[in-house]
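Here the structure is laid out as C-alpha cells; the discussion comes afterwards.
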Amino acid sequence: SKGGRPEDEQLFTALVVEAFRFHGVLLALGNRLCAGTGLTSARWQVLGAIALTGPLTVAQIARTMGLTRQSVQRLVDDLEAAGIVQRTAHPESRRARLVALTDAGAAVYAQVEKRERPWASRAAARVPKADLATTLRVLRGIRGHVETELRGGKRRGLTLRPRDPSWH
C-alpha cells in the first residue's frame, strides 16, 4: 500500500481526483456547447434542473444539482434579468418563489440540448451500455453516502423526481 494507505482508500482517492478532472472537462465542454447562446455551463445546469422537473425553488435547484443556494440565487438573478427564467408565486409558500423557464428560456435550453445530443451519442457509443449503467449506479451510491455524511447521518426530506427517466 502506498504511504501506508489501504488499497481501497487509494482507489477511492483516485476516483475522487478523476471525478474532479471529469467535472472540469464537462464544464469546458458545456461552455463550448453554450457558446453564443448567452448561457454558461453553470446557467445550463440551472436550466436543466427546471427543464427536467418543472418549476422549482432556488433551494430545490441547489439540492438537485449539488450547488450552493447562494450560487443558484446569483445565477437565477442573471437568468431572470436576461428573460430566460421568471419567478412565480409558490402555491404552498408565501415566502418561497418558484423559478420557471420562460418561452425564451425553453428555446435556448432546447438549442443547447440539440448541440449536446450528438456529443452524448458519440460518447455513449464508446462505452458498453452495461459499463455506463454500472458507473451510474456506483456514482449515485457514493454520492448518496457522502450526502448522508454531510448531513450528519440524516436523510434528506425532499427527493425530487424529474420527468426525465435518465435522471434516476
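The values are calculated or read from the model by the stated rules, or taken from the named source; none is laboratory data. As the structure is a computational prediction, the values presented were derived from the model and not from experiment. Cβ coordinates were reconstructed from backbone atoms using ideal geometry, including for glycine residues, and neighbour counts include every protein chain displayed. For the accessible areas, the whole protein counts, side chains as well, though only heavy atoms, and no ligand, DNA or RNA atoms are used. Shrake-Rupley method; radii C 1.70, N 1.55, O 1.52, S 1.80 Å.
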> Carbon and sulfur together cover what percent of the accessible area of the chain at a 1.4 Å probe radius?
Replying inline: 57
> Tell me, in nm to one decimal, what length is gained between Asp8 and Ala106 on full extension, where the rule is 0.36 nm per residue of separation less the Cα-Cα distance?
Replying inline: 30.9 nm
>> Tell me the per residue accessible area of the stretch 1-154 using a 1.4 Å probe; a whole number in Å² is fine.
In response: 66
> From the residues Leu27, Val127, Thr102, which one has its Cα farthest along the dipole of the chain in the positive direction, the dipole being from +1 and -1 charges on Cβ of Lys/Arg and Asp/Glu about the Cα centre?
Replying inline: Thr102
> To the nearest 20 debye, what is the magnitude of the charge dipole of the stretch 2-124 about its Cα centre, counting +1 on the Cβ of each Lys and Arg and -1 on the Cβ of each Asp and Glu?
Replying inline: 160
>> Given the -39500 (n - 2.57) contribution per DSSP H run of 4+ residues, what per-residue ellipticity at 222 nm results for the chain, rounded to the nearest 500 deg cm²/dmol?
In response: -21500 deg cm²/dmol
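Using a Förster radius of 30 Å, what is the FRET efficiency between Ala96 and Ala19 based on their Cβ-Cβ separation? Nearest 0.05, please.
Details: r = 31 Å, r/R0 = 1.05.
Efficiency, from the Cβ-Cβ distance: 0.45.
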> Which residues make up the longest stretch of the chain clear of trypsin sites (Lys or Arg not before Pro) that lie in a DSSP loop with no more than 16 other Cβ atoms within 10 Å, not counting the sites?
Replying inline: 1-125
>> Students sometimes get this wrong: rank Thr68, Thr53 by accessible area, probe 1.4 Å, all chains present, largest first.
In response: Thr68, Thr53
